[in-house]
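What follows is a short report on a single structure.
No lab work stands behind these numbers, since they all come straight from the coordinates. Every value quoted in this text rests on a predicted model; they were computed, and no experiment measured them. As a convention, Cβ positions derive from the backbone with ideal geometry for all residues, glycine included, and neighbour counts pool all protein chains shown.
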Amino acid sequence: MTAPIVIVGAGLAGLRTAEELRRAGYDGELVLVGEESRLPYDRPPLSKQFVRGETDDTTLRPRAFFAEKKIDLRLNTEAVGVDTEASRVRLADDSTLAYGRLIIATGLRPRRLPGLPDLTGVHVLRGHAHAAALRAELADAATALVVGAGFIGCELAASFRARGVAVVLVEPQPTPLASVLGVEVGALVATMHRDEGVDLRCGTGLDTLLADDAGRVRGAKLPDGTEIAADLVVIGVGSRPATEWLTDSGIALAEPSTGGGVLADEVGRTSAEGVWAVGDVAAWLNGTGLRERVEHWTNAGEQAKLLACALLGAEPPTAARVPYFWSDQYDVKIQALGTPNATDDVQIVSADGRKFLAYYSRGGNLTGVVGAGMTAQVMRARAKIAAAAPVTDLLTPS
């Protein structure tokens, strides 16, 4: 009997890959392994609708779906190692799972700040259990400290304000999202949060946490000695690829200094025969000859389609891929199309209160468009971004 295709990681990327394999005609045995006990679920709502108590279920597919598609879904099953010579995945219960081809889709784990005391009321956010614990405590909180003004930190600050919680948001960079979208756009995001009553403090970090006599967080101290009261604290300082289980596998990994992840080519093949990687954990070869990880919801589906076609020898999609991601904060949807970078040349072409539009370019060529509350203007730029057109094409009135 031919060994199955095994997908390790039952998040969005793993689920989409299983779906695309079936869609592309693969009718053999397909095993989807997930370390959590829940059915595959959608993560973006966790920092927004779920934590605010507006929805309880973000499940992507009901259990009947997996039976219908003949996907052997194994939840509460953690992979702890790979023997690429024997083509077997080692599981936490000391059993092994043979594979014909292996797809790594293990995603990310939240980073934690070292040296902080272990206190009740201090949270990170990545999975459903994190969000559920945070939501439960939010119900009785009057004050919150959010450390890190990236997308998760900004979204949580907005969600907390929607619940009437007083929020202090601290960020070492000059503005929110500075390392992702640059200080020009970051300054516009900063204004939005301050207008909503967030006590935003940029250019500073966290020194330590303060505890009450019961071992629960009561606040924090900043590097300048300032003390902040907080009923709960969220550490939102980014994530790292979940690759620790691959350490002794011989599968080539990217250096942590370059973002880490599983090194793969432009369709997901890794350095090991029969092993592929997809989603947030995968450092794919891009059009410039470099490998990069893209931590966006839409990327998981696009990569899954390319990988499934390549693995099965089918014709891959030919349309140019233009990355897209978004972030919902308050009543504003911030959208980004292309590959905007903090080091790009940024031109704010419209800024009217909570709405704004910005063009990003390198060497005069358009790399991306970022907008808030300007969906049509962002999406109209797709063809220009795909063609790396001169940014002047958008700046010059037609």
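First measure r as the distance between the Cβ atoms of Arg38 and Asp224, then evaluate 1/(1 + (r/R0)^6) with R0 = 45 Å and state the FRET efficiency to the nearest 0.05.
Details: r = 42 Å, r/R0 = 0.93.
Efficiency computed from Cβ-Cβ geometry: 0.60.
Put simply, the amide H of Val275, placed in the peptide plane, has neighbours under 5 Å in Leu102, Thr270, leaving out anything fewer than 5 places away on its chain. When each of Ser37, Ser271, Ser159 is scored by the number of other beta-carbon atoms lying within 10 Å, the sequence from fewest to most is Ser37, Ser271, Ser159.
In straight-distance terms, cross-link reach from Lys221 covers every one of the lysines whose alpha-carbon lies under 23 Å from its own, apart from those fewer than eight places away in the same chain; here that gives an empty set. Only beta bridges with both residues in the chain are counted; by DSSP, about 60 percent of them are antiparallel.
Cross-link partners for Lys384 among the aspartates and glutamates, with Cα-Cα distance under 17 Å and sequence neighbours closer than 8 places in the same chain left out: Asp344, Asp345, Asp393. Close amide H contacts of Val82 (hydrogens built in the peptide plane, cut-off under 5 Å, sequence separation of 5 or more or a different chain): Arg90. Does the chain come out rounded, prolate or oblate, given a ≥ b ≥ c as the square roots of the eigenvalues of its C-alpha gyration tensor, rounded meaning a/c under 1.5 and, failing that, prolate meaning a/b above b/c? Note, shape of the chain comes out oblate.
Here the Karplus relation 6.51 cos²θ - 1.76 cosθ + 1.60, evaluated at θ = phi - 60°, turns the backbone of segment 365-379 into coupling constants of 9, 5, 10, x, 9, 10, x, 10, x, 9, 4, 4, 5, 5, 5 Hz, with x for every Gly and Pro. In whole Å, how far is the Cα centre of segment 204-277 from that of segment 331-369? The distance from the Cα centre of segment 204-277 to that of segment 331-369 comes to 27 Å. Taking amide H atoms as placed 1.01 Å from N in the peptide plane, the amide H of Thr367 lies under 5 Å from those of Tyr360, Ser361, Arg362, each 5 or more residues away in sequence or on another chain. Taking other Cβ atoms within 10 Å as a rough exposure proxy, Glu227, Glu35 sort from fewest to most as Glu227, Glu35. Computed on segment 146-285, with alpha-carbon pairs under 8 angstrom and 6+ residues apart, the relative contact order is 17 percent. Whole-Hz Karplus values for segment 166-173 come out as 6, 10, 10, 10, 10, 8, x, 6 Hz, taken residue by residue from phi with 6.51 cos²θ - 1.76 cosθ + 1.60 and θ = phi - 60°; glycine and proline positions read x. Once you have a ≥ b ≥ c as the square roots of the Cα gyration tensor eigenvalues for segment 331-395, tell me rounded if a/c is under 1.5, and otherwise prolate or oblate according to whether a/b is larger than b/c. Taking the square roots of the gyration eigenvalues as a ≥ b ≥ c, segment 331-395 is prolate. Determine the relative contact order of segment 122-175: mean sequence separation of Cα pairs under 8 Å and six or more apart, normalised by residue count, in whole percent. Reported relative contact order: 34 percent. Each peptide in 236-249, 97-110 gets a packing score, the mean of other Cβ atoms within 10 Å over its residues, and the list from highest to lowest is 97-110, 236-249. Derived scalar couplings between HN and Hα for segment 210-217 equal 10, 10, 8, 5, 8, x, 9, 5 Hz in order, rounded to whole Hz, by the Karplus curve 6.51 cos²θ - 1.76 cosθ + 1.60 (θ = phi - 60°), x for Gly and Pro.
So for segment 331-395, averaging the separation of alpha carbon pairs under 8 Å that are six or more residues apart and normalising by length, what relative contact order in percent results? Write down the numbers at each step before the final one.
Working: 123 pairs, mean separation 21.6, N = 65.
Worked out over segment 331-395, it gives 33 percent.
If you take every residue apart from Thr96 with its C-beta less than 12 Å away from the C-beta of Thr96, what net charge results, scoring Lys and Arg +1 and Asp and Glu -1? Surrounding charge for Thr96 is -1. Which lysines does Lys70 reach when only Cα atoms under 22 Å apart count, and residues fewer than 8 places away in its own chain are ignored? Qualifying lysines at Cα under 22 Å: Lys305. Antiparallel versus total DSSP beta bridges in segment 112-235: what percent is that, nearest 5? Among the beta bridges of segment 112-235, antiparallel pairing accounts for roughly 30 percent.
Per-residue Cβ neighbour counts within 10 Å put Phe65, Phe325 in the sequence Phe65, Phe325, beginning with the fewest. In the chain, the DSSP-assigned H stretches of four residues or longer account for a calculated mean residue ellipticity at 222 nm of -6500 deg cm²/dmol, using -39500 (n - 2.57) per stretch and the full residue count as denominator.
Each 10 Å bin from 0 upward holds the following percent of the Cα-Cα pairs of segment 218-367: 9, 28, 28, 23, 10, 2, 0.
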